[in-house]
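Right, one structure below, let's go through it.
Please treat every number below as a calculation from the coordinates, not as lab data. Owing to the predicted nature of the structure, the values given are computational and were not obtained by experimental measurement. Cβ atoms come from the backbone with ideal geometry, glycine included; neighbour counts cover every protein chain shown.
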Amino acid sequence: MTSIPMHTPPRWSDVAVEQIRAVGLRVRVFGALLFGAFMLYAFVAIRVAMRDHAATEAHIRHSVTKFDFTPDISILITYLAMLLPVLIWAEENPKRRTYHLAMPVGRSVHALTKTFAGWVWLITGTAVFLAVVVSVDAVTSNIEGSATLLATRVAAWEWLVPFTAVTISYLLASAAGVGAQTPLIWLVGPPIIYVSAGMAIGLLGYPHLAESMFTLFSGNYGAAAALGGRFIAIDAAGPRVTRWLLSTALWGAAAATLLVAVSRRRATS
Amino acid sequence: MPAPLPTDLSGADLAIVTGELSKQYQSVAALRDLALQVPNGAVFLLVGPNGAGKSTTIKILLDLVAPTSGTARVLGLDPQRDSALVRANVGYVPEQLDWGYAWMRAGRLLEHHARYFPSWDADYASRLFQLFDIRLDQKMGTLSKGQGRRVHLVMALAHRPPLLVLDEPTDGLDPVMRDETIGVLIDHISDTPTTVLLCTHHVSEFEQFADHIGVIKSGELRAQLPLLALKRGLLRYRAEVPPGWSGANLFGDSALRKITTDRDLDWTVWGDEAEVRSKFAIAGAVVRDAVSLNLNDATIALLSPKEVSVRAANPKRAASDLLEPSEAGK
């Protein structure tokens with residue numbers, strides 16, 4: 001055909017590394033703000049512990065300010081994880097994604113690689129968050145002379161909940177970021193409709209139907225179990241792990257399937 | 001009757017070929033059975049009015065949008081099946097000026113782009129952005145149209161692709177930079193064996209190095225042929241005609257622009273010159289001259305057929321007087 005040799009597309013690993021760098025550049029302000037918030041939390045927690053330790057009278061102690069870790073805490077970073085894809089795909093909705101789509105990488109692979117790059121930063125951020133929690137706990141426990149989280153209070157698998165929760169949340173939000181012109185509407189709209197519809201059905205005299213609807217969120221394998229380890233019986237160690245694993249697998253697979261489906265999307269004009 | 005305008009270049013070794021390519025955007029037909037044929041090594045100008053389907057054609061060739069029906073081959077590859085490989089071999093300058101990441105600095109965007117093209121020639125890129133005077137530390141979103149366009153040109157050229165697809169590459173550039181850009185393109189083509197598909201409204205800028213032209217209007221290909229053939233075959237004839245001359249339909253659709261008065265005519269006709277002259281003679285018209293058109297006028301004739309006939313009202317008025325000021329005296 002041509003008198004010069006055909007060029008080859010880039011290796012996936014090169015694209016992935018470049019996407020990790022580019023996405024890192026994109027989210028650096030968000031990351032810096034988050035890191036600042038973690039540091040503020042650490043500062044406040046240590047100051048409170050020091051003050052409590054110095055206080056001799058029990059009524060001055062502020063037990064409510066005791067910073068702790070349970071799987072529920074991942075709800076906080078789960079919400080933040082939802083914002084990340086909006087930031088990553090901002091200015092690149094399907095109508096304006098021609099630069100991304102014009103690169104010599106398969107459309108779906110490229111969208112998923114960019115999503116992967118964001119996930120790498122998300123997991124890094126989650127790890128930093130947990131590292132701050134553990135460090136603060138170690139310092140405050142030392143000050144107060146109590147046992148650390150790592151020593152006693154948290155089961156090994158519970159430390160994984162934040163990572164899986166943010167992953168599911170991030171995948172769902174990425175599906176909106178990749179597939180929708182206005183991802184925020186898709187992130188906020190369906191939950192509002194879901195809750196409103198459930199409440200309306202309950203008020204109209206169909207409480208059982210409303211309850212059935214809400215099991216999608218609060219049921220054995222509902223979103224709350226997957227995203228925050230919530231509503232899991234405290235005293236049933238075996239089933240807790242099983243329910244968390246199953247709900248995570250179910251919601252993770254659903255989110256990944258949705259993302260893969262929308263990642264095949266071309267430019268719309 | 002002279003031959004119709006040619007639309008077939010199938011004898012050549014083709015870098016781009018489409019077959020019955022159609023694209024429907026809801027109720028709007030953007031392309032209708034397009035059979036584009038770009039010869040290998042050609043500098044092919046694809047011209048047409050806004051909304052003719054030029055950019056849609058390019059997007060289908062790069063698999064940015066899917067065709068409704070029809071086929072396309074780019075460098076022997078199917079863009080839908082081998083999309084990544086096709087894009088690895090194409091240097092693309094899109095129509096839109098805000099292409100790329102507005103939040104990224106120009107230098108970082110070029111670095112980002114380079115990592116996607118293993119054949120990126122860093123020395124050449126460096127020479128280009130010195131030549132184009134690109135400010136690498138500025139964010140893309142803050143660049144002027146012309147500055148952004150220059151970054152796009154570097155992105156398209158620096159990996160020395162076998163195929164360049166340039167959609168309005170000089171849009172937004174000032175006259176000096178247009179001249180520079182055309183010089184860069186000429187140098188690039190002479191250094192790197194490349195096929196160029198170039199969509200533009202500024203055809204005269206590229207007349208010096210284009211060698212083929214395709215004319216598209218309302219999603220349909222009106223003509224595609226070598227420029228040399230166009231210059232030889234599309235001529236403007238000025239002739240004297242006897243009073244009451246009735247040769248208005250002498251050449252059918254091959255007469256693209258017809259200005260006729262009681263005593264003379266000024267027609268742009270496609271066909272073999274000898275044959276056209278002979279037909280005029282048989283019909284009683286005496287051809288005074290037949291001149292070849294520059295690319296701009298040829299494009300206007302191909303895109304905008306026109307027929308003006310003035311009878312009796314002012315018999316002394318010559319046909320050339322009826323031309324618009326921009327066309328008169330050419």
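One quarter of the surface of the convex hull around the alpha-carbon atoms of the protein assembly as shown equals 38.7 nm², the direction-averaged projected area. For residue A:209 and residue A:254, the difference between the fully extended length at 0.36 nm per residue and the C-alpha to C-alpha distance is 13.9 nm. Taking amide H atoms as placed 1.01 Å from N in the peptide plane, the amide H of residue A:206 has no partner under 5 Å among residues 5 or more positions away or on other chains. Evaluating 6.51 cos²θ - 1.76 cosθ + 1.60 at θ = phi - 60° for every residue in region B:281-296, the Karplus couplings come out as 4, 4, 7, x, 8, 9, 6, 7, 7, 9, 10, 7, 8, 6, 4, 5 Hz, glycine and proline recorded as x. A simple spin-label model places pseudo-atoms 7 Å from Cα toward Cβ; at residue A:75 and residue A:44 they are separated by 1.7 nm. Rounded to the nearest 20, the Cβ-based charge dipole of region B:122-249 about its Cα centre (Lys and Arg +1, Asp and Glu -1) stands at 300 debye. Database remark: amide H of residue B:92 closer than 5 angstrom to the amide H of B:165 (H placed geometrically; neighbours at sequence offset of 5 or more, or on other chains; Pro and chain starts carry no H). Rounded to the nearest whole angstrom, the semi-axes of the ellipsoid equivalent to region B:110-154, taken from the Cα gyration tensor as √(5λ), stand at 18, 12, 8, largest first. Residues whose amide H falls under 5 Å from that of residue B:192, counting only those 5 or more places apart or on a different chain, are absent, with hydrogens built in the peptide plane. Can you tell me how region A:180-223 classifies by the Cα gyration tensor, rounded, prolate or oblate, using a/c under 1.5 as the rounded cut? It is oblate, given that a/c is not under 1.5 and a/b is not larger than b/c.
Would you mind checking the pairs A:95/B:217; B:23/B:54; B:59/B:231; B:59/B:145; B:54/B:231; A:114/B:23 and listing those with alpha carbons more than 19 angstrom apart? Beyond 19 Å between Cα atoms: A:95/B:217; B:59/B:231; B:59/B:145; B:54/B:231; A:114/B:23. Classify region A:85-125 from the C-alpha gyration tensor, please: rounded if a/c falls under 1.5, else prolate or oblate depending on whether a/b exceeds b/c. Oblate shape, in that a/c is at least 1.5 and b/c is the bigger or equal ratio.
Computed from Cα atoms, the angle from the helix B:122-131 axis to the main principal axis of chain B rounds to 60 degrees. When you work out D = kT/(6 pi eta Rh) for chain B at 37 °C and 0.692 mPa s, using the Kirkwood radius from C-alpha pairs as Rh and the Stokes-Einstein form, the result is 152 µm²/s.
Per residue of the protein assembly as shown, the DSSP helices (runs of n ≥ 4 H) give a summed -39500 (n - 2.57) that works out to -15000 deg cm²/dmol at 222 nm.
Rounded to the nearest 5, the antiparallel percentage of DSSP beta bridges internal to the protein assembly as shown is 65%. So, R0 is 22 Å and r is the distance between the beta-carbons of residue A:123 and residue A:91; what FRET efficiency does that work out to, to 0.05? With R0 = 22 Å, the Cβ-Cβ based efficiency is 0.35. Inter-chain Cβ neighbour count for B:76-84, averaged per residue, equals 3 (cutoff 10 Å, partner chain atoms only).
Charged side chains reduced to their Cβ positions (Lys and Arg at +1, Asp and Glu at -1) give the protein assembly as shown a dipole of some 780 debye around its Cα centre. Among A:74, B:55, B:27, B:119, the ranking by other beta carbons within 10 Å of each residue's beta carbon, starting with the fewest, stands as B:27, B:119, B:55, A:74. The antiparallel fraction among DSSP beta bridges confined to chain B stands at about 65%. Building the convex hull from the alpha-carbon atoms of region A:72-214 and averaging its projection over directions returns 12.3 nm².
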